[in-house]
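The values are calculated or read from the model by the stated rules, or taken from the named source; none is laboratory data. Nothing here was measured: the structure is a model prediction, and the numbers come from that model. Note that each Cβ is placed from the backbone with ideal geometry, even for glycine, and that neighbours are counted across all protein chains shown. When the accessible area is computed, the model is the full protein with side chains, heavy atoms only, and any ligands, DNA or RNA have been set aside. Shrake-Rupley method; radii C 1.70, N 1.55, O 1.52, S 1.80 Å.
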Amino acid sequence: DQQVKQNSPSLSVQEGRISILNCDYTNSMFDYFLWYKKYPAEGPTFLISISSIKDKNEDGRFTVFLNKSAKHLSLHIVPSQPGDSAVYFCAASTPNQGGKLIFGQGTELSVKP
Amino acid sequence: DTEVTQTPKHLVMGMTNKKSLKCEQHMGHRAMYWYKQKAKKPPELMFVYSYEKLSINESVPSRFSPECPNSSLLNLHLHALQPEDSALYLCASSTRLSGGGVGEQFFGPGTRLTVL
């Protein structure tokens, strides 16, 4: 039972355009959502997070949107840069689960010059 | 210092060997984690330590034995592994476990383990 789903395994975007990465979840008890970026042979790097009491969080070129009624979140990167090419994982947690993160399967973003 | 370090970077071991993976952080984080990641898959949680005590064991086989000697160090002792245990082993740390959302976890670069 996959509680966090990223249905697009890959996404290709032109440099300077917007990248939109999507994530769906099934567990309404999730209270915190995070996005991580991963380059090959490196550990995931934390990008941005959002609490379930908010619907938007912005940090520079990265914005995360949360739609609780649809159980959907998205990461917008604008403008996209070639250095953004990586695998992006969304993750979620529930209260009192001891810090356990549930990860999606990841979306590989390719930003072309 | 805002990083998590892991040693060794690569490890090749036979099925009868005993080896250890090491993880260190100096951010004052009191929660530390071990994850296993296979190619093209998300990280899978193995263990969580909170204030040097094991708080979560995700039904990991006993051939993996975690240890937290102090608040900055986390070890993963390996014994009698199988070839299917070959993976990237990631360590992470965070400021807190829960309450107002889990603290963002900071990951190390991982140890690429190959079991022959």
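Residue by residue through the range A:66-97, note down the ones that are surrounded by fewer than 16 Cβ atoms within 10 Å (Cβ to Cβ) and at the interface with chain B (Cβ under 9 Å from one of its Cβ atoms).
Listed by number, the residues that qualify are A:P95, A:N96.
Report, ordered by the first and then the second residue, all pairs with beta carbons closer than 7 Å, sequence separation of six or more or different chains, a first member in the range A:78-100 that is within 22 Å of A:I20 (Cα to Cα), and a second member that is of a type in the set (A, V, I, L, M) and open to solvent by 50 Å² or more (accessible area, probe 1.4 Å).
A:V78/A:I18; A:S80/A:I18
For every residue, the table says whether it meets (1) of a type outside the set (S, T, Y); (2) away from every other protein chain (no Cβ under 14 Å); (3) in a strand (DSSP E or B); (4) free of Cβ contacts under 8 Å to residues at least 24 places away in the same chain.
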{"residue": "B:M15", "(1), (2), (3), (4)": "yes, yes, no, no"}
{"residue": "B:L21", "(1), (2), (3), (4)": "yes, no, yes, no"}
{"residue": "B:H29", "(1), (2), (3), (4)": "yes, no, no, no"}
{"residue": "B:V48", "(1), (2), (3), (4)": "yes, no, yes, no"}
{"residue": "B:V60", "(1), (2), (3), (4)": "yes, no, no, yes"}
{"residue": "B:P69", "(1), (2), (3), (4)": "yes, yes, yes, yes"}
{"residue": "B:L74", "(1), (2), (3), (4)": "yes, no, yes, no"}
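Conditions (1) of a type outside the set (V, I, T); (2) under 26 Å from A:W35 (Cα atoms); (3) surrounded by fewer than 17 Cβ atoms within 10 Å (Cβ to Cβ), marked per residue:
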site: B:T7; (1), (2), (3): no, yes, yes
site: B:H29; (1), (2), (3): yes, yes, no
site: B:K38; (1), (2), (3): yes, yes, yes
site: B:E44; (1), (2), (3): yes, yes, yes
site: B:K53; (1), (2), (3): yes, no, yes
site: B:N57; (1), (2), (3): yes, yes, yes
site: B:L88; (1), (2), (3): yes, yes, no
site: B:A92; (1), (2), (3): yes, yes, no
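Where in the range A:1-110 are there strands (runs of 3 or more DSSP E), lying fully within it, with 1 or more residues that are hydrophobic (A, V, I, L, M, F, W, C) and either under 30 Å from B:Y89 (Cβ atoms) or in contact with a Gly (Cβ under 8 Å, 6 or more places away or on another chain) (or both)? Write out each step before concluding.
Working: elements: A:10-14, A:19-25, A:32-38, A:45-51, A:56-59, A:62-67, A:72-77, A:86-93.
Result: A:10-14, A:19-25, A:32-38, A:45-51, A:62-67, A:72-77, A:86-93.
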